[in-house]
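First up is the structure itself, then whatever we jot down about it.
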Amino acid sequence: MDRRTVLRGAVAGALLGGPFAGFLNRAAAEPARAGALGPVPDLRDGVVRLWLPDGFRYRSFHDTEVPVVLDDQTVLPGRHDGMGAFRAGRGNYLLVRNHELNGPGKAFGDPGKAYDPAAQAGTTTVEVTRYGEVVRSHTSLNGTMMNCSGGRMPWGSWITCEETVNGPDVGPDFTGTPNTALTRPHGFIFEVPLDGESDREPITNAGRFAHESVAFDPIGGHLYLTEDNFGFASGFYRYTPQRNPFATGRLDNRGRLQMLKVKGIPNAHLEAAQPQGTSYQTEWVDIDDPAPTFAHTPGQPAPTTNDTALNHVAAQGQAQGAALFSRLEGSAYDRGVVYFTSTQGGGPAETGPDTVSGYGNGTGQIWAYDTGSGVLTLLYQSPGPDVLDFPDNVTTSKRGTLVVCEDGVNDNYLRGLTRDGRLFDIALNRLTSPTGTPRFNDEFAGSTFSPDGHTLFVNIQAAKG
């Protein structure tokens, strides 16, 4: 969320969710030079929206700067964020896509189905060809709030995350907007099936906090969760369902939530700069009250402040020595390792909350947690904004390269991080509004490869997607 080498591999593609697009390497056997980006016209209309390596192309779709109406007559919301790609048959793909809208307002789609008819966010599902041509699209979850990122589940569904704790029982958030119009508590994760709609039932035992993303370890059976608590220390969590989701086809709401702790270092300041490659042995502490509700009178401002609610879950772990991170965002599981980003990690250690500039004084870290050994390693630390500026969503290629979305305040890139620690450029945002206003600082989000590795889908997020 925004508050304020060599490229090798098979065909890749980008979808700019508003625009949304797919870029394809016509000469997959020939590597592109690192940083050798140039203007490439959009296959949709010939307008340049991205700079890419030589030999790549893309098609954008679902640009909400003009109204887009889905097949179920829903007007497509903006703020395209996290996204997962799945097989759809006939060589096509299904994309389940988040919409990170905040504040009370009318739910999009059918209000009778909405989790909270006074909340504006949710997910939409779109079927596309491997070249980014839209086949069909519909609402798959509505009535939620600030759906930021999430994660693909290997049994065939998308978990979407609410990056807020707003609700009628909580005071106004950073925008100052009252929450009295809301009818349900927010701050949960929801499961969305591939082809259909969510049952709109939150998985409350996975916590009520500022969720960002999830990644599932099919060997250990844990769902790993990141927290982006903007002004305060964030935590890294895991949720263990009671029953095997491969057997039931979904996550249950009877599991246990835990928070990561560094062995021998209570409240380790992992947001602070440290040598790249630093590793820690870890353990997990239980969260006894994962889904709090707070006393309030309906229709009246709640006495519990938003900051109090935001920190309720993390405070339980921190009281037991849980580690402190800066703004954990995207995550991805690959071959026994969960990779996740710390947007503002890597600077001087924080001395307390920072609700103005955000908790963390660096320009980004990328962490790797080995699910078998329990070892946490600092994989990469940005030396400055010109190299890597506020890493956000992340995904992995079939070869293990990390694809990292930037959410900086200037030019935003889609960057790759090789398994040997080399950073290279994949795409540069050169989107311009129809009015001529540059949108170069709009963040990349929702990077996700098609299951066959042919196309890389990615969003560009702003008020309009």
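The values are calculated or read from the model by the stated rules, or taken from the named source; none is laboratory data. This structure is a prediction, so every number in the text was calculated from the model and none was measured. Positions of Cβ are generated from backbone atoms using ideal geometry, with glycine treated the same way; all protein chains shown enter the neighbour counts. Just so you know, the surface numbers come from the protein's heavy atoms only, side chains and all, with ligands and any DNA or RNA stripped out. Shrake-Rupley method; radii C 1.70, N 1.55, O 1.52, S 1.80 Å.
Below, the figures for the structure above:
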| read-out | value |
| --- | --- |
| Test set (1) among the charged types (D, E, K, R); (2) under 23 Å from the mean Cα position of the chain (by Cα); (3) closer than 23 Å to F449 by Cα; (4) at pLDDT below 95 - R49 fails condition number | (4) |
| Condition met for D110 (closer than 14 Å to T125 by Cβ, at pLDDT 95 or above, not in a strand (DSSP E or B) and not aliphatic (A, V, I, L, M)) | no |
| All positions within the stretch 137-147 that are closer than 14 Å to G196 by Cβ and open to solvent by less than 20 Å² (accessible area, probe 1.4 Å) | S137, T139, S140, L141, N142 |
| Close pairs (9 angstrom Cβ cut-off, 6 or more residues apart or separate chains): at pLDDT below 95 in the stretch 360-371, of a type in the set (A, V, I, L, M) anywhere | none |
| Residue that is nearest to the chain's Cα centre (by Cα) [pool: residues in the stretch 148-172 that are assigned to a loop (DSSP other than H, G, I, E, B) and buried (at least 23 other Cβ atoms within 10 Å of the Cβ)] | T164 |
| Enumeration of residues in the stretch 241-253 that are open to solvent by less than 60 Å² (accessible area, probe 1.4 Å) and either part of a loop (DSSP other than H, G, I, E, B) or within 15 Å of A319 (Cα to Cα) (or both) | P241, G249, L251, D252 |
| Among residues of the stretch 274-316, those that are surrounded by fewer than 18 Cβ atoms within 10 Å (Cβ to Cβ), touching a strand residue (DSSP E or B) at 6+ places or on another chain (Cβ under 8 Å) and assigned to a loop (DSSP other than H, G, I, E, B), counted | 5 |
| The listed residue being open to solvent by 10 Å² or more (accessible area, probe 1.4 Å), closer than 20 Å to H269 by Cβ and in contact with a Ser or Thr (Cβ under 7 Å, 6 or more places away or on another chain), out of V394, V375, V356 | V375 |
| Odd one out for Q461, checked against (1) within 16 Å of the chain's Cα centre (by Cα); (2) open to solvent by 20 Å² or more (accessible area, probe 1.4 Å); (3) not aromatic (F, W, Y) | (2) |
| Among (1) over 30 Å from L324 (Cβ atoms); (2) open to solvent by less than 10 Å² (accessible area, probe 1.4 Å) - the single one Q365 does not satisfy | (1) |
| The stretch 254-273: number of residues that are buried (at least 17 other Cβ atoms within 10 Å of the Cβ) and polar (S, T, N, Q) | 1 |
| Tally, over the stretch 397-424, of residues that are under 20 Å from the mean Cα position of the chain (by Cα), farther than 19 Å from G345 by Cα and surrounded by 14 or more Cβ atoms within 10 Å (Cβ to Cβ) | 3 |
| The stretch 433-465, residues that are of a type in the set (D, E, K, R) and either in a strand (DSSP E or B) or under 20 Å from E212 (Cβ atoms) (or both) | D442, E443 |
| Residues (among the basic types (K, R) and either under 23 Å from the mean Cα position of the chain (by Cα) or farther than 24 Å from E227 by Cα (or both)) located in the stretch 244-257 | R250, R256 |
| Qualifying residues in the stretch 71-107 (those that are charged (D, E, K, R) and in a strand (DSSP E or B)) - the one farthest from D173 (Cα to Cα) | R87 |
| Top-ranked residue of the stretch 432-455 - restricted to ones that are closer than 21 Å to T343 by Cβ and in contact with a Phe, Trp or Tyr (Cβ under 9 Å, 6 or more places away or on another chain), ranked as surrounded by the most Cβ atoms within 10 Å (Cβ to Cβ) | G446 |
| Of all residues making up the stretch 116-136, the number that are open to solvent by 10 Å² or more (accessible area, probe 1.4 Å) and either small (G, A, S) or touching a Ser or Thr at 6+ places or on another chain (Cβ under 6 Å) (or both) | 2 |
| Qualifying residues in the stretch 187-201 (those that are assigned to a loop (DSSP other than H, G, I, E, B) and under 13 Å from D252 (Cα atoms)) - the one most open to solvent (accessible area, probe 1.4 Å) | E201 |
